[in-house]
Amino acid sequence: MSTVPPLSDRAGPGRPREFDLDDALRDATEVFRRRGYHGTSVQDLTEGTGLARGSLYKAFHDKRTLFLAALEQTVAGTVQRIAGTLEAPGSAKSAIRETLMGYARRAASADGRAGCIMSSAAIEMMPEDPDAGAIITRMFRRVEDLFEAAVKRGQAAGEIPAGHDPRAIALQMLCTIQGLRILGKTGPSEQDSASIVAQAIRSLD
């Protein structure tokens, strides 16, 4: 874990504050995904992370740097989670279904209403912010690659027809999970979310 060294900000007389950088980023991500980049103030971030303004500035310099770091952390976690499911031994088709169902369940939960920092950032900041755009694009491409590899594995095993275009299917699956993330803001039912996944999986037949 990355740790910020002791800072000059103090919780009280003679008590320097230390904090874990990864924990601070996770807390900041929660604030950004609920309020958006432009809707988040430094005050929101200090309240959401429990850190003083001075600590945030010394660790991250400004709000934008913190936001980009939160996006990077989200990319790493998302790719690791999706890869863990899609690359698991066994049926590739089942792995694709389970990956999509993970997003369907999230969309139908309270977490779904909080939204997704990546989806929100793509809508709010692209194409005006090239740095944020590069991070988001890199994550989308990596997710596409993971789905494409899973489709090819399914084709090699005879689960998915060889005539299907793996990249086109990968793009469809990416659109499905991003759509579920946005739909989650509206509070869809579990049945509605699951039906979206079922429709997407039928494209593998």
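The values are calculated or read from the model by the stated rules, or taken from the named source; none is laboratory data. If you're wondering where the values come from, they're calculated on a predicted model, not measured in any experiment. Positions of Cβ are generated from backbone atoms using ideal geometry, with glycine treated the same way; all protein chains shown enter the neighbour counts.
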- prompt: In region 35-59, what count of residues is obtained for those that are outside any loop (DSSP other than H, G, I, E, B) and closer than 16 Å to Gln73 by Cβ?
  reply: 5
- request: Kindly provide the set of residues from region 153-168 that are without any contact (Cβ under 8 Å) to a residue 60 or more places away in the chain, assigned to a helix (DSSP H, G or I) and either among the β-branched types (Val, Ile, Thr) or closer than 16 Å to Ala95 by Cβ (or both), ordered by number.
  value: Gln155, Ala156, Pro166
field: Condition met for Thr176 (out of contact with any Gly (no Cβ under 9 Å at 6 or more places or on another chain), outside the structural domain of Phe32 (by TED's automatic domain parsing) and buried (at least 17 other Cβ atoms within 10 Å of the Cβ))
entry: yes
Hits in region 187-202 - residues which are more than 17 Å from Val151 (Cβ to Cβ), in a helix (DSSP H, G or I) and touching a residue at least 24 places away in the same chain (Cβ under 8 Å): Glu190, Asp192, Ser193, Ala194, Ile196
Of the criteria (1) in a loop (DSSP other than H, G, I, E, B); (2) surrounded by fewer than 16 Cβ atoms within 10 Å (Cβ to Cβ), which one Gly133 fails: (1)
- prompt: Would region 49-62 turn up any residue that is at positive phi, surrounded by 15 or more Cβ atoms within 10 Å (Cβ to Cβ) and at pLDDT below 95?
  reply: no
message: Among the residues of region 65-118, what is the count of those that are surrounded by fewer than 21 Cβ atoms within 10 Å (Cβ to Cβ), touching an Asp or Glu at 6+ places or on another chain (Cβ under 8 Å), more than 16 Å from Ala170 (Cα to Cα) and not charged (D, E, K, R)?
response: 4
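Quick grid of which residues meet (1) of a type in the set (A, V, I, L, M, F, W, C); (2) in contact (Cβ under 8 Å) with a residue 12 or more places away in the chain:
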site	(1), (2)
Gly48	no, yes
Gly54	no, yes
Leu66	yes, yes
Ala69	yes, yes
Thr78	no, yes
Thr85	no, yes
Gly90	no, no
- prompt: Does Glu128 satisfy the criteria of being assigned by TED's automatic domain parsing to the domain that holds Glu72, charged (D, E, K, R) and assigned to a helix (DSSP H, G or I)?
  reply: no
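Listed here are the residues, each with its yes/no results for (1) over 20 Å from Ile117 (Cα atoms); (2) part of a helix (DSSP H, G or I); (3) not β-branched (Val, Ile, Thr).
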| position | (1), (2), (3) |
| --- | --- |
| Ala170 | yes, yes, yes |
| Cys175 | no, yes, yes |
| Ile182 | no, yes, no |
| Leu204 | yes, no, yes |
- request: Under 6 Å between Cβ atoms, at least 6 apart or on separate chains: pull out the pairs that start in region 118-133 with a residue that is without any contact (Cβ under 8 Å) to a residue 60 or more places away in the chain and end on any residue that is in a loop (DSSP other than H, G, I, E, B).
  value: Gly133/Met126; Gly133/Pro127
